[in-house]
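Here the structure is laid out as structure tokens; the discussion comes afterwards.
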Amino acid sequence: QVQVVESGGDLVQPGGSLRVSCAVSGSIVAIVVVGWYRQVPGKERELVASITSTGVTNYADSAKGRFTISRDDRLNTIYLQMSSLKPADTAVYYCNAVVQSAGLYGAAPYWGQGTPVTVSS
């Protein structure tokens, strides 16, 4: 069993910074890739950034130059550092981890419950 828990969401002023975290725990053999997604009511969930087990990163155009994804493999935690935040960044941020678990063949995706980020003055 694998658990994914996001944390760090908060209310922040426009232009401010915030770091959200994604902790992955359980019977983990390897975390293959992790993506940060966000969703606002009435819209589809969209990929913000992702990072592979070898450290290859990918960003949505809206995140390039402002957001940085990183991972601490000792803690099985993935971070999304956000800066120059805009009201348009307001959303619930979700973490999706593709994990190879002990005793299972292949890797499977796991979602967390989300952490809300509000950018407002």
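Around Leu85, under 13 Å between beta carbons, what's the net of Lys plus Arg minus Asp minus Glu among the other residues?
The answer is +2.
To the nearest 20 debye, what charge dipole does the chain have about its Cα centre, counting +1 at the Cβ of each Lys and Arg and -1 at the Cβ of each Asp and Glu?
Dipole size: approximately 120 debye.
Once the dipole of the chain is set up with Lys and Arg at +1 and Asp and Glu at -1 on Cβ about the Cα centre, which of Pro41, Thr115, Tyr59 lies farthest towards its positive end?
Tyr59
At a threshold of 8 angstrom on Cα-Cα distance, excluding pairs fewer than six apart, so keeping six or more, what relative contact order does the chain reach in percent?
Relative contact order of the chain: 37 percent.
For the chain, report the accessible area per residue in Å² (1.4 Å probe, heavy atoms, rounded to an integer). Walk me through the numbers on the way to the answer.
Values: 6420 Å² over 121 residues.
Heavy-atom accessible area per residue stands at 53 Å².
With a Förster radius of 35 Å, plug the Cβ-Cβ distance of Leu104 and Thr68 into 1/(1 + (r/R0)^6) and report the FRET value to the nearest 0.05.
0.65
Solvent-accessible area of Thr54, probe 1.4 Å, all protein chains present, reported in Å² to the nearest ten, please.
Answer for Thr54: close to 120 Å² accessible.
Suppose R0 equals 30 Å. What FRET efficiency, 1/(1 + (r/R0)^6) with r the Cβ-Cβ distance, do Ile28 and Ser7 give to the nearest 0.05?
Taking R0 as 30 Å, the efficiency between Ile28 and Ser7 is 0.95.
Share of region 8-77's accessible area from carbon and sulfur, percent, 1.4 Å?
For region 8-77, the apolar C and S fraction of the accessible surface comes to 48 percent.
The values are calculated or read from the model by the stated rules, or taken from the named source; none is laboratory data. Given the structure is predicted, the values throughout are model-derived calculations rather than measurements. Don't worry about glycine lacking a Cβ; one is built from the backbone with ideal geometry, like all the others, and counts go over all protein chains shown. Please note that ligands, DNA and RNA were not included when accessible areas were found on the heavy atoms of the full protein model with its side chains. Shrake-Rupley method; radii C 1.70, N 1.55, O 1.52, S 1.80 Å.
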